[in-house]
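Have a look at the structure below before the remarks.
The values are calculated or read from the model by the stated rules, or taken from the named source; none is laboratory data. This is a predicted model, so every value here is computed, not measured. Cβ sites come from the backbone with ideal geometry, for glycine too, and all protein chains shown count toward neighbours. Areas reflect the complete protein model, heavy atoms only, side chains present, ligands, DNA and RNA absent. Shrake-Rupley method; radii C 1.70, N 1.55, O 1.52, S 1.80 Å.
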Amino acid sequence: MKYFIALSLLFVVFTTKSQIINNPQSEFTNTGIYHIDKITILDTATIVEVKISFLPNWWTTFSNKAYLENADTGEKYSVKAIEGAKFNIKLWTPKSGDTSVKLIFPKLDKKVKRLNYGDEGKTSVYGISFQGRPKTDKPNSMPDNVLKWMDGQIAGNKRKMDPNQFYVNDSIKIVGYIKGYDKRAGFASGIIYHQNHLTRENFPTTVRIYEDGRFECSMLAIHPISSNIFFNNQSINFYAEPGTVTGIILNWDDFLLADRYRDRRYEFKNVQYLGVNKSVNGMLASIKFTRPDYGKLDDFLEKQKPEDFKNIQLQHWKKARKTADSTISVKHIPDNIKKMIVNQVDLTYANYLFDYESSRSYNRKQKPDNQILKLPVPIDYFDFLNKINLDDESLLISNEFSTFINRFEFSPVYERALLYDRDNNGNGYLKLDSAYLTKNKKSSLVFDIAKLRSLISDFKFNQYKNKNFAKETSYLSQSIKEPFVVSEMNRMYNKYKMGNVAYELPNNAAADVFKKIINPLKGKILIVDFWAQWCAPCRSGIETSLSMRKKYQNNPDFDFVFITDSESTEAPFYDDFTIKNSMINTHRIKADEYLALRELFKFNGIPRYVLVSAEGKIQDDNFLSYNLQDEFSKYFPEKFTDAYWK
């Protein structure tokens, strides 16, 4: 059949009048892999040659649902045949990464002037022109109105932080522009996974993108941050200080290259920074160093003894520091920025060493016969922390600090179990301090932050048990050195002392999305589960709760709602998983809507559970669903007695 089609096409090409458009221009494309290389318009068919530029030895597919679309009328032309590949069969790229196929479509109407191309219902190339390059005033430039807007946002914002004052409560504003952006990009917002590292409070912030490519957001911060904006799962680094506006200019071509180079963390090449933080951003972006390879961590766990792994990584760490130090010297980078760069290197490698140790117990369960995994971790394994100044407040600036403090507080260095040994007049922190000082001779800012985070976790878990935290907060007020950390502890103490009070949803677009989902179930208490295909704990939680959900299915008092998004969970997986796990009230919403709900309920990570009262109020936006029966008895003691669950 394939050869018959090929011969027929050759015959058609040489016996009919044709119009050939080489390298046709398009208005917009959101794929970095496919390029329309040539269109041959015949009286009997339309042949579209698609060039594929991808990673060597990677695969792509073309389905029998590929289509051309009249960009002006929406009329579709479905694919009839393919050359150079087979429908729905993997097409592997050669070593060059480049190959091509021919797609054969029906004859086009003579009135067609512009085409769109897509597959599986998703358009990827828009406005393919038969008339040459579409008219644009200044290709790949910033329009005058955008320049004026950017200048207005940044002008007058000359605030610089007092170098002697690290902690400042103020807003950070980000403004920017994506050159070449089009509303047909498939996304209209980004997100910054912002966090208060001292208190573990999450403040994810949606970055709104306007149709003309401008974007902006604002968020509260307590110190300078080095963070990332995520647009369409691509990460753009930035540095910002409280009370300042940071400008960022991006180029759509970088998004296309990131789509092509999927085997790596693609670094945008054409980022421009503006505003008072311009020079700092430029210097931070200029430093490159080799990062640990997480793709090989499982292999190292099974084949490298703890002391060998540590020594090898210390050597890599040393080389990374040397590379950074060399660039710092050549570029004459100031000491305050040098400190941030060194911290970034140090925290990156410290996290890798932490992750090796913390992953061993899980891998040991998976492979109980592996002799390497049975070996104990040496007593001095964690002395790599001596390479880091744990009293340096500028550690908090790094985007690696969130992982670092989490690993620290759940590592053997921080003897968390001592907190639950309530001797010493009920003060576990006295024992914790004593043990830490015995081994480390002095306390540190990192240790104090870990203590505060532990106390806040205790606040959260025990808020309805009338537990008296006065002694512990009083003790920590004396033992924690940094006054701002103490003030944050007192703020959180007062917050949790008030208890968890149900609140009304605000009047905004994100709340409207949520109300549309929950309103059909009003009158029932709802456990809303935010999940995704890639999130193993999410899937595990859903599978674990299946028996309980079946037991209480159709009960009049409470129900479960599941929310994921089209970007994180593929349609075939979603359909199969939701059926297998009896996920009745389930929703797969747009990625932009999901990001808005992240900001609404202030969560960076998933799984996340939100408890909604029967009246539609938010009872708890960080609900402990694994402890559902106990939590229900706290919130609704009259209805959910012990007898209810029997």
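Checked against the criterion of being in contact with a strand residue (DSSP E or B) (Cβ under 7 Å, 6 or more places away or on another chain), part of a loop (DSSP other than H, G, I, E, B) and either within 23 Å of Asp151 (Cβ to Cβ) or open to solvent by less than 30 Å² (accessible area, probe 1.4 Å) (or both), region 225-239 contains not a single residue that satisfies it.
Taking Asn389, is it modelled with pLDDT of 95 or more, open to solvent by 60 Å² or more (accessible area, probe 1.4 Å) and part of a loop (DSSP other than H, G, I, E, B)? Against the criterion (modelled with pLDDT of 95 or more, open to solvent by 60 Å² or more (accessible area, probe 1.4 Å) and part of a loop (DSSP other than H, G, I, E, B)), Asn389 qualifies. Within region 165-205, the set of residues being assigned to a loop (DSSP other than H, G, I, E, B) and touching a helix residue (DSSP H, G or I) at 6+ places or on another chain (Cβ under 7 Å) comprises Phe166, Tyr167, Gly180, Tyr181, Phe187, Ala188, His197, Leu198, Thr199, Arg200, Pro204.
Of the helices (runs of 4 or more DSSP H) lying entirely inside region 464-535, those carrying at least 2 residues that are more than 28 Å from the chain's Cα centre (by Cα) and surrounded by 16 or more Cβ atoms within 10 Å (Cβ to Cβ) are 470-479, 483-497. Looking for something touching a residue at least 12 places away in the same chain (Cβ under 8 Å), farther than 29 Å from Gly97 by Cα, in contact with a strand residue (DSSP E or B) (Cβ under 7 Å, 6 or more places away or on another chain) and in a strand (DSSP E or B) - is there at least one such residue anywhere in region 250-273? Yes, region 250-273 has at least one match. In this structure, does Asn270 turn out to be surrounded by fewer than 16 Cβ atoms within 10 Å (Cβ to Cβ) and within 30 Å of Thr60 (Cα to Cα)? Here the answer is yes, as Asn270 does meet what is asked.
Considering each residue of region 404-416 in turn, none proves to be more than 28 Å from the chain's Cα centre (by Cα) and within 23 Å of Phe166 (Cα to Cα). For first residues located in region 574-591 and within 18 Å of Gln553 (Cα to Cα) and of a type in the set (Val, Ile, Thr), partners that are at pLDDT below 95 and open to solvent by 90 Å² or more (accessible area, probe 1.4 Å) and lie 6+ apart or on another chain with Cβ distances below 7 Å do not occur.
Filtering region 51-72 to residues that are polar (S, T, N, Q) and in a loop (DSSP other than H, G, I, E, B) leaves Asn57, Thr61, Ser63, Asn64. Among the numbered criteria (1) within 24 Å of Phe603 (Cα to Cα); (2) surrounded by fewer than 17 Cβ atoms within 10 Å (Cβ to Cβ), which single criterion is violated by Glu211? Failing condition for Glu211: (1).
Of all residues in region 601-617, those being surrounded by fewer than 18 Cβ atoms within 10 Å (Cβ to Cβ), more than 14 Å from Lys524 (Cα to Cα) and not charged (D, E, K, R) number 2. Scanning region 73-129 for residues that are β-branched (Val, Ile, Thr), more than 17 Å from Ile33 (Cβ to Cβ) and in a strand (DSSP E or B) gives a single hit, Ile104.
Take Ile449 and decide whether it is modelled with pLDDT of 95 or more, open to solvent by less than 40 Å² (accessible area, probe 1.4 Å) and hydrophobic (A, V, I, L, M, F, W, C). Here the answer is yes, as Ile449 does meet what is asked. Can you find even one residue in region 551-572 that is among the acidic types (Asp, Glu) and out of contact with any strand residue (DSSP E or B) (no Cβ under 8 Å at 6 or more places or on another chain)? Yes, because at least one residue in region 551-572 is among the acidic types (Asp, Glu) and out of contact with any strand residue (DSSP E or B) (no Cβ under 8 Å at 6 or more places or on another chain). Exactly one residue among Phe469, Phe484 is aromatic (Phe, Trp, Tyr), out of contact with any helix residue (DSSP H, G or I) (no Cβ under 7 Å at 6 or more places or on another chain) and farther than 30 Å from Thr586 by Cα, and that residue is Phe484.
A quick yes/no check of all residues on (1) among the aliphatic types (A, V, I, L, M); (2) touching a helix residue (DSSP H, G or I) at 6+ places or on another chain (Cβ under 6 Å); (3) closer than 20 Å to Phe640 by Cα:
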residue: Asp529; (1), (2), (3): no, no, no
residue: Ile563; (1), (2), (3): yes, no, no
residue: Asn581; (1), (2), (3): no, yes, no
residue: Ala614; (1), (2), (3): yes, no, yes
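Within region 565-590, if we keep just the residues that are open to solvent by less than 40 Å² (accessible area, probe 1.4 Å), in contact with a Phe, Trp or Tyr (Cβ under 6 Å, 6 or more places away or on another chain) and not in a loop (DSSP other than H, G, I, E, B), the residue that is farthest from Arg549 (Cα to Cα) turns out to be Asp565. Within region 616-644, the only residue that satisfies the criterion of being in a helix (DSSP H, G or I), in contact with a helix residue (DSSP H, G or I) (Cβ under 8 Å, 6 or more places away or on another chain) and of a type in the set (A, V, I, L, M) is Leu628. In region 187-198, the condition of being over 22 Å from Asp254 (Cβ atoms) and among the polar types (S, T, N, Q) is met by at least one residue. The residue list Leu521, Leu526 contains one member that is in contact with a Phe, Trp or Tyr (Cβ under 8 Å, 6 or more places away or on another chain) and in contact (Cβ under 8 Å) with a residue 24 or more places away in the chain, which is Leu526. Among residues that are closer than 18 Å to Ile517 by Cα, among the acidic types (Asp, Glu) and open to solvent by 30 Å² or more (accessible area, probe 1.4 Å), Asp620 is not included.
One residue stands out among those in region 325-342 that are without any contact (Cβ under 8 Å) to a residue 60 or more places away in the chain and among the hydrophobic types (A, V, I, L, M, F, W, C): the one that is farthest from Ala240 (Cα to Cα), which is Val330.
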